[in-house]
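Inspection log for the structure reproduced underneath, given as structure tokens.
Throughout, read-outs are computed from the coordinates displayed, never taken from laboratory work. Treat the numbers as computed from the prediction; the structure is a model and nothing was measured. Note: ideal-geometry Cβ built from the backbone for every residue, glycine included; neighbour counts use all protein chains shown.
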Amino acid sequence: MQKRKCIICGKPLNDGIMINGRGICKSCEDRITHAESGTDFYEYYKCCIRKAIAHHMIRGVDYNCQNYPL
Ligand SMILES: [Zn+2]
């Protein structure tokens, strides 16, 4: 069985939430919960979700995603 990874930080997923079959770890979930709209992390998070879901549905779509220093 393949170990799931957090779509934001890429760490192995031990807990957290699932969105469209993609996992987000507890620490990233906490950061998202406390992130305010318009902040860098919030934008990065949205970008990750969009990319993960888009990649899942449409192959070859490449979003330019700014790297967030984790
Ligand atoms: Zn994470």
Practice task
Could I have the simple spin-label model distance between Asp30 and Ile17, label points 7 Å from Cα toward Cβ, reported in nm to one decimal?
Solution key: 1.5
Problem - Rounded, prolate or oblate (a/c below 1.5 giving rounded, otherwise prolate when a/b exceeds b/c) for the stretch 1-53 by Cα gyration tensor - result: prolate
Completion exercise
For the stretch 43-48, in residue order, the Karplus 3J(HN,Hα) values (coefficients 6.51, -1.76, 1.60; θ = phi - 60°; whole Hz; Gly and Pro = x) are 5, 5, 4, 4, 5, 4
